[in-house]
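Structure first, then comments.
The values are calculated or read from the model by the stated rules, or taken from the named source; none is laboratory data. Remember, it's a predicted structure, so these values are computed and weren't measured experimentally. Virtual Cβ from ideal backbone geometry, glycine too; neighbours counted across all protein chains shown. Side chains included, ligands, DNA and RNA excluded: accessible areas come from the protein's heavy atoms. Shrake-Rupley method; radii C 1.70, N 1.55, O 1.52, S 1.80 Å.
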Amino acid sequence: MPIRVHLDRVLLERRMSLTELADRVGVTIANLSILKTGKARAVRFSTLAALCRELDCQPGDLLLYEAGPDDAPPDEDEG
C-alpha cells in the first residue's frame, strides 16, 4: 500500500497515548491500532477530521503517499 500512516510519530510529538486519543475521538483502541500499524484499508473522513482536531494537525501530517513499483501506470498494450 503506497499510503503510509504516521500516527505514531504525531502521537509521540504530542506526548499523547493511543488510549487517550481513542477516548477523545470516540474510536476504539483496536481500530486506532490498525490505523497506526498501517494495516487499515480505509479511513472515514469523519475519523480523519476528528484525529486532526484532537492532534491539532492536518491530514498530511498523518498520511503520506509513497509511490512504488506497483503504482506505475499500466502499459498501453494491456488494455
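Report the full-extension gain for the segment Asp8 to Arg24: residue separation times 0.36 nm, less the Cα-Cα distance, to one decimal in nm.
Extending this stretch completely gives an extra 4.2 nm.
What whole-number value in Å² describes the accessible area per residue of the chain for a 1.4 Å probe?
With the other protein chains kept in place, the chain gives 74 Å² per residue.
Heavy atoms only, probe 1.4 Å: what % of the accessible area of the chain goes to carbon and sulfur, would you let me know?
Ligands and nucleic acids excluded, carbon and sulfur give 51 percent.
Can you run the Rg to Rh ratio on the range 15-60? Use alpha carbon positions and the Kirkwood inverse-distance Rh.
Using Cα coordinates only, the ratio equals 0.92.
Cβ neighbours within 10 Å, averaged per peptide: list 54-64, 40-50 in order, most packed at the top.
Per-residue Cβ counts within 10 Å, averaged per peptide and sorted highest first, yield 54-64, 40-50.
Can you list residues from other chains, or at least 5 along the same chain, whose modelled amide H is less than 5 Å from the amide H of Leu63?
For Leu63, the qualifying residues are His6.
Of Pro69, Ala40, Leu55, which is farthest towards the positive pole of the chain's charge dipole, taken about the Cα centre with +1 and -1 on the beta-carbons of Lys, Arg and Asp, Glu respectively?
Checked the options; the winner is Leu55.
Can you tell me the length gained on complete extension of the stretch Leu48 to Asp61, counting 0.36 nm per residue apart and subtracting the Cα distance?
Full extension of this stretch gives 3.6 nm more.
If I compute mean projected area of the Cα convex hull in nm² from the structure I just sent, which labelled value in (1) 7.6; (2) 4.8; (3) 6.1 lines up?
Given (1) 7.6; (2) 4.8; (3) 6.1, the calculated one carries the label (3).
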